[in-house]
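Data block below; observations after.
Values in this text are rule-based calculations from the coordinates and carry no lab data. Note that the structure is a prediction, hence the values are computed from the model and not measured. Here the Cβ positions follow ideal geometry from the backbone for every residue, glycine too, while neighbour counts run over all protein chains shown.
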Amino acid sequence: MNEKILVVEDNPQSRMVTVMTLSPCGYSLLEAGDGEEALRVAERERPNLILIDLQIPKVSGLEVVKRLRETQWAGRVPIIAVTGLAMKGDREKAIDAGCDAYLAKPFSIHELRRLVKETLEQSGGKEA
Ligand code: MN
C-alpha cells in the first residue's frame, strides 16, 4: 500500500504545489488547511508522514505537533515542519516540539522530495 502523507498548509496554492510535487512519487496525499483539521484528519487516517506548515490558523503547527506526540499512535510518526518566514530559532522550536526535520520556504521540488524520502526511510516503517 502507498505511504500516506498528510500535507498541512493554509495557503491553498502552496498546498496544491506540494501535493503535485509529491503525488508523482507514488504517495497517497491527504490535505488539511488548519490545525483543527490536521488533528482530525491525522487521527482518522493515521498517515505515515506529516508535512506541517507551522503558521496555520486555529491550532498552531507547533501545538498540533505537541498534541500528536502525546497520542500513542503518533508518538513516532515522522513529522517535517515547514516555515515561511524563516525566523531565527524556528528550527530549534520545531525540533523541540518533536519534529524530525525542518524545511524553510521557499524550497525546491528536489529538496522536498529528497527530505520526504529520507525522513520516511529513517522512520524505517515502524508503523503498527
Ligand atoms: Mn501558513
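Summary of values
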item	result
Helix-derived mean residue ellipticity, 222 nm - over the chain, DSSP H n ≥ 4, -39500 (n - 2.57), to 500	-13000 deg cm²/dmol
Simple Cβ-charge dipole of the range 1-53, Lys/Arg +1 and Asp/Glu -1, about Cα centre, in debye nearest 20	240 debye
Length released on extending from Arg40 to Val59, taking residue separation times 0.36 nm less the Cα-Cα span	5.7 nm
Antiparallel bridges, percent of DSSP beta bridges restricted to the chain (to nearest 5)	0 percent
Backbone HN-Hα couplings from phi across the range 99-109 [Karplus 6.51/-1.76/1.60, Hz, Gly and Pro as x]	6, 8, 8, 9, 9, 9, 7, x, 10, 8, 4
The chain - percent relative contact order, Cα under 8 Å, separation 6 or more	21 percent
Chymotrypsin sites (Phe, Trp or Tyr not before Pro) within the range 1-102, DSSP loop, no more than 14 other Cβ atoms inside 10 Å	Trp73
Exposed-loop-free span, longest in the chain, where trypsin sites (Lys or Arg not before Pro) count as exposed if DSSP calls them loop and at most 11 other C-beta atoms lie within 10 Å	1-87
Alpha-carbon centroid distance for the pair the range 92-121 / the range 1-48, whole angstrom	14 Å
Partners for Lys93 among lysines (Cα-Cα distance below 17 Å; same-chain residues under 8 apart left out)	Lys66, Lys105
Cleavage-rule hits (GluC sites (Glu not before Pro)) in the range 60-128: DSSP loop, at most 14 neighbouring Cβ within 10 angstrom	Glu127
More than 19 angstrom apart: percent of Cα pairs within the chain	41 percent
